[in-house]
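First comes the structure, then the notes that go with it.
Please treat every number below as a calculation from the coordinates, not as lab data. This is a predicted model, so every value here is computed, not measured. No Cβ is skipped: glycine too gets one built from the backbone with ideal geometry, and neighbour counts run over all protein chains shown.
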Amino acid sequence: MANDTVVVVGATQGLGRELAQAYAHDGREVVVTGREQSRADRAAGEIGGRTRGIGFDLAQPHAIADRLAEVDAVQYLVLAAIERDVNKVSEYDVDAALRLVTLKLVGYTEVIHTLSPRMVDDSAILIFGGLARDRPYPGSTTVTTVNGGVTGLVRTLVVELAPTRVNCLHPAIVGDSPQWVDMPEERRDALVQRTPIGRLVTMAEVVDASRFLLENRALNGINLPVDGGWLCM
Ligand SMILES: NC(=O)c1ccc[n+]([C@@H]2O[C@H](COP(=O)([O-])OP(=O)(O)OC[C@H]3O[C@@H](n4cnc5c(N)ncnc54)[C@H](OP(=O)(O)O)[C@@H]3O)[C@@H](O)[C@H]2O)c1
């Protein structure tokens, strides 16, 4: 495997896939992952170029190292996977909370543990958080908690993995992402009212910000909101 490899965990659809597509378009070797091998293979085939798929479940962290055994040198590692969760404290679902915390904090960290010895010179890691870190909503208890946890994870990884750079991106609602593209117009209008730029951020803007964090060699330990100024409102 060449030294230009980009691994995107959670890239069968959504923001991870858009970023994987951009790097495949540049001619890089790209590894895309999802829970199932067949879906990861299909996404890799659709993305094209030097892209291949690997299936593993981040909520089963003991199995991750074996699944990544054939990934060799890595330049950029992106952790974008998520399972959406609505879990109010008043109706607390312990199993759902354990799954999301495991996926996002333990699973992400196990991927990094497995691949960090294979990171080449000028390598960087990008972790996806989200605006729910700072803008909670009813039912976001676990999501807000893990996104806060990601902030701490970035800080410790910068120290432990130096000179590999580690950054995090916290998108607001991405209007054209698969999760939100079909939301009712009234809901979209209400959300737009809360954004200083008068619209929701786009997948292309998140990809651009992701590439900035991965490729600019001065950026390290950053938690970057990509929200059009939502946090100022
Ligand atoms: N979209 C937004 O508006 C938005 C806003 C704020 C933050 N974010 C953050 O941005 C990141 C990407 O979001 P997105 O909306 O693009 O996600 P998405 O469209 O829901 O895609 C999630 C990806 O994660 C994979 N995945 C889910 N559960 C997994 C598991 N247990 N193990 C391994 N892979 C798993 C999925 O693959 P399979 O289904 O094939 O398993 C899929 O490729 C997430 O961290 C999310 O929290 C997004």
Select from region 210-233 the residues that are within 10 Å of Asn167 (Cβ to Cβ) and assigned to a helix (DSSP H, G or I) and list them in ascending order.
-> Ser210, Phe212, Leu213, Leu214
In region 150-165, anything buried (at least 19 other Cβ atoms within 10 Å of the Cβ) and either farther than 20 Å from Phe212 by Cα or within 14 Å of the chain's Cα centre (by Cα) (or both) is listed as Val150, Leu153, Val154
Tell me which residues, restricted to region 55-108, are assigned to a strand (DSSP E or B), within 11 Å of the ligand (Cβ to nearest atom) and crowded, with 20+ Cβ neighbours inside 10 Å.
-> Val78, Leu79
Hey, among the residues in region 19-46 that are within 12 Å of the ligand (Cβ to nearest atom) and within 15 Å of Tyr76 (Cα to Cα), which one's surrounded by the most Cβ atoms within 10 Å (Cβ to Cβ)?
-> Thr33
When Cys168 is run through (1) under 17 Å from the mean Cα position of the chain (by Cα); (2) surrounded by fewer than 15 Cβ atoms within 10 Å (Cβ to Cβ), the failure sits at (2)
Has region 27-41 got any residue that is assigned to a loop (DSSP other than H, G, I, E, B) and within 16 Å of the chain's Cα centre (by Cα)?
-> yes
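Pick out the one residue from Ala132, Ala190 that is at negative phi, in a helix (DSSP H, G or I) and within 14 Å of the ligand (Cβ to nearest atom). So that I can check it myself, show each step before the final result.
Details: Ala190 fails: within 14 Å of the ligand (Cβ to nearest atom).
That would be Ala132, the only listed residue that is at negative phi, in a helix (DSSP H, G or I) and within 14 Å of the ligand (Cβ to nearest atom).
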If Val181 passes every condition in (1) away from the ligand (no atom under 12 Å from the Cβ); (2) of a type outside the set (Phe, Trp, Tyr); (3) free of Cβ contacts under 8 Å to residues at least 12 places away in the same chain but one, which one does it miss?
-> (1)
